[in-house]
Amino acid sequence: MRKRRPNYRLVKTHRSYTVEEIARLFGTHKNTVRAWVKAGLPTSDGKRPILILGSELAGDLKVRRAKNKRPCQPGEIYCVRCRAPKQPAGEMAEYQPITESLGNLIGICPDCDAMIYRRAIKARLAGNWGNLDITFAEAKRQVNESNSPTVNSDIKQG
């Protein structure tokens, strides 16, 4: 099974790896590892077989992962389709509670019109969300809070 991002925690830092061993470790093709070397992954020397120190490999993978991070600033929600943090269209978002203190902020991406979601703590909404206009949806009622029985109830009223 091919993994999307290699996990640098699998690398033993005090070991040297060949290209084939790295490919086997991460479930990628050998040419992928060779492309990493061409892109700047340091090797132990210029001779064959190409040996890569585990500490250098782990460090390179950490840097690559950190470079791809896109942290959200206050008032931004990450759009999966655009792969970037965006401020919702019209600077409006809706808060839908999940629990008493936790919920989802829902907005619309201004570029691709996709729905964008971000988990938020209700107590922190006032200060951390910049100039977003947040509307609060009413929490869904629980079944046990209802005065009338559910439609599929076997209770006969007589």
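Every number in this text was worked out from the coordinates using simple rules, so none of it is lab data. The structure displayed is predicted, hence computed values, not measured ones. Every residue, glycine as well, gets a Cβ built from its backbone with ideal geometry; the counts of neighbours run over all protein chains shown.
Find how many whole Å separate the alpha carbon centroid of segment 9-39 from the alpha carbon centroid of segment 62-118.
Each part reduced to its Cα centre gives a spacing of 34 Å.
Name the shape class, rounded, prolate or oblate, that the alpha-carbon gyration tensor gives for segment 5-62, where a ≥ b ≥ c are the square roots of its eigenvalues, rounded holds for a/c under 1.5, and otherwise prolate holds if a/b is larger than b/c and oblate otherwise.
Numbers: a/c = 1.38, a/b = 1.14, b/c = 1.21.
Rounded shape, in that the Cα axes give a/c under 1.5.
Select from ILE121, PRO97, ILE108 the residue farthest towards the positive end of the dipole of segment 77-139; place +1 on Cβ of Lys and Arg, -1 on Cβ of Asp and Glu, and compute about the Cα centre.
ILE121
Mind listing the long-range amide H neighbours of LEU51? Cut-off is under 5 Å, sequence gap 5 or more, other chains count too, H placed in the peptide plane at 1.01 Å from N.
Hits under the 5 Å cutoff: SER44, ASP45.
Which far-off residues, 5 or more places away or on another chain, put their amide H under 5 Å from the one on TYR78, with H placed in the peptide plane?
LYS86
Please list, in order along segment 109-123, the HN-Hα scalar couplings obtained from phi with the Karplus expression 6.51 cos²θ - 1.76 cosθ + 1.60 (θ = phi - 60°), rounded to whole Hz, x for Gly and Pro.
So the Karplus estimates, Gly and Pro as x, are 5, x, 8, 10, 6, 8, 6, 10, 10, 8, 6, 9, 8, 4, 5 Hz.
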